[in-house]
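**Student:** The structure that follows is given in the form of structure tokens.
The values are calculated or read from the model by the stated rules, or taken from the named source; none is laboratory data. The structure displayed is predicted, hence computed values, not measured ones. Note: ideal-geometry Cβ built from the backbone for every residue, glycine included; neighbour counts use all protein chains shown. The accessibility values were calculated without ligands, DNA or RNA, using every heavy atom of the protein model including side chains. Shrake-Rupley method; radii C 1.70, N 1.55, O 1.52, S 1.80 Å.
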Amino acid sequence: MKKKVAFGLIGTGAVVVIALLVIVFVLSKKMNANLEKQINHFLQEKVASADSEILSFEPFVCSGKTEIACKSKAIVFGAPDLLGIEEDTQSKQTQAESWRFEDIELDLSGRDSQANASAQFLARNSEIAFKITCDASLDSESKNAVRAGIECYGKNEEFAYNGFAKAHFSLTHKDFTGKIQDALAILLDINKEGDKSADDGKDGEEKRNALGVRLDSLAINERANDLFSVYKKALGAENEGMLEGMLFGFVLFSHMLQNELQEQSDEEIKEFESALLNALESVLSAFDGGNALNIEVAKKADYEPILLPEIEERITLEWLAKHYAIDSSAQTLENNAE
């Protein structure tokens, strides 16, 4: 089954999707009882779906009028197919619990051209727990354009972990009307009334293909007394082999980049590849006893958002070197001692 283009079905992405869905109802003045019904119906459909990682949930309860608060005791996720080998994964009925999001609180507000959402919850698996706080905002820049931003913070006391991730996107679509509600209806594949779209076929695919996306900035900052142990416990014992494989892939790719840099004559591409190599080496440092990692991706030159079907063919190394800059750094306990 072909999976839909979406903001994500597992992890923090799932909570963000729920928050954005709630905004649709807030802006359409569908409050409280109906809002609860629609959110819980959305989650129930995910639980029933064979290709969703959501196993179960406690129903949301919402209150408020102009500012809405929605709460749930828990959402339970199954172990995702990290390697993309569907035939080797468990069925929905026997899938093991992977993560629990507990004590979820969503706060939402907005108007026609602007909306804000915040989420707080405890994310835990069998080995580690994080306190997560996320803030998302959407602003209509013009009739056919929306600027979206999300910032998330994570904390873990056991490893003195503090993590921060921030991303800003620009989205365009010929059917955006300047109203956040209508833009979200297209992005989340629902109609203005908040029900799932009746036509899930050709028309829905055409709308998604007309969506333009541009990454404006991305920043990731993490600090802990042992980042590698945090990564290992976050992935879970069953995926430790995948982490080792990823580490080997980073090393292999770093060697390839080093060899290519020696032969590269295009200065712009050479500069980008050098920055990418530094970023990979920063990640490797985090794996090898590092306690701080920082990676930032910034847009160097403005450009029109790229339509979704064109991304794979447009995003070449030359294109990335022209439009983006990468900055990174890593620290180890030894470096801090100095």
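**Student:** May I ask you to say which residue of A123, A48 is modelled with pLDDT of 80 or more and either surrounded by 14 or more Cβ atoms within 10 Å (Cβ to Cβ) or in contact with an Asp or Glu (Cβ under 6 Å, 6 or more places away or on another chain) (or both)?
**Tutor:** On the way: A48 fails: either surrounded by 14 or more Cβ atoms within 10 Å (Cβ to Cβ) or in contact with an Asp or Glu (Cβ under 6 Å, 6 or more places away or on another chain) (or both).
None of the other options fit; the residue is A123.
**Student:** Another question about this same structure. Can you tell me which residue in segment 160-176 is modelled with the lowest pLDDT, limited to those that are among the hydrophobic types (A, V, I, L, M, F, W, C) and open to solvent by less than 20 Å² (accessible area, probe 1.4 Å)?
**Tutor:** Checked segment 160-176; the qualifying residue modelled with the lowest pLDDT is F176.
**Student:** Output the qualifying pairs, or none if there are none: Cβ atoms under 8 angstrom, residues six or more apart or on different chains, first residue in segment 309-332 and open to solvent by less than 60 Å² (accessible area, probe 1.4 Å) and among the small types (G, A, S), second residue in a strand (DSSP E or B) and at pLDDT below 90.
**Tutor:** Note: pairs meeting the criteria are A330/G290.
**Student:** Determine which single condition D266 fails, assuming it passes every other condition in (1) surrounded by 15 or more Cβ atoms within 10 Å (Cβ to Cβ); (2) of a type outside the set (V, I, T); (3) at pLDDT 90 or above.
**Tutor:** (1)
**Student:** Has segment 283-299 got any residue that is open to solvent by 50 Å² or more (accessible area, probe 1.4 Å) and farther than 29 Å from L171 by Cβ?
**Tutor:** Checking segment 283-299: at least one residue is open to solvent by 50 Å² or more (accessible area, probe 1.4 Å) and farther than 29 Å from L171 by Cβ.
**Student:** Just to check your reading of the model, which residue among S137, S142 is among the small types (G, A, S) and surrounded by fewer than 16 Cβ atoms within 10 Å (Cβ to Cβ)?
**Tutor:** Working: S137 fails: surrounded by fewer than 16 Cβ atoms within 10 Å (Cβ to Cβ).
Result: S142 is the single residue among S137, S142 that is among the small types (G, A, S) and surrounded by fewer than 16 Cβ atoms within 10 Å (Cβ to Cβ).
**Student:** Please go through (1) surrounded by 17 or more Cβ atoms within 10 Å (Cβ to Cβ); (2) modelled with pLDDT of 85 or more for K179 and return the number of the only condition it doesn't satisfy.
**Tutor:** The one condition K179 does not meet is (2).
**Student:** Return the residue satisfying two criteria in turn: it lies in segment 167-181 and is assigned to a strand (DSSP E or B) and touching a Leu at 6+ places or on another chain (Cβ under 7 Å), and of such residues it is nearest to E296 (Cα to Cα).
**Tutor:** Within segment 167-181, the subset assigned to a strand (DSSP E or B) is 167-172.
This time we only want the ones that are touching a Leu at 6+ places or on another chain (Cβ under 7 Å), so: 167, 169, 171.
Numbers: A167: 10, F169: 14, L171: 21 Å.
Among those that are assigned to a strand (DSSP E or B) and touching a Leu at 6+ places or on another chain (Cβ under 7 Å), it is A167.
**Student:** Another question about this same structure. Hey, among F248, F272, which residue is open to solvent by less than 60 Å² (accessible area, probe 1.4 Å) and either touching a Cys at 6+ places or on another chain (Cβ under 9 Å) or among the aromatic types (F, W, Y) (or both)? Talk me through it step by step, then tell me what you get.
**Tutor:** On the way: F248 fails: open to solvent by less than 60 Å² (accessible area, probe 1.4 Å).
None of the other options fit; the residue is F272.
**Student:** So, in segment 52-82, how many residues would count as being modelled with pLDDT under 75 and either assigned to a strand (DSSP E or B) or touching an Asp or Glu at 6+ places or on another chain (Cβ under 9 Å) (or both)?
**Tutor:** Going residue by residue through segment 52-82, those that are modelled with pLDDT under 75 are 65-66, 79-82.
Next, from what is left, pick out any that are either assigned to a strand (DSSP E or B) or touching an Asp or Glu at 6+ places or on another chain (Cβ under 9 Å) (or both): 79-81.
Number of matching residues: 3.
**Student:** Using beta carbons and a limit of 9 Å, which pairs, at least six apart or on different chains, have the first residue in segment 46-65 and closer than 14 Å to W99 by Cβ and the second one among the hydroxyl-bearing types (S, T, Y)?
**Tutor:** Pairs found: E53/S98; L55/S98; F57/S72.
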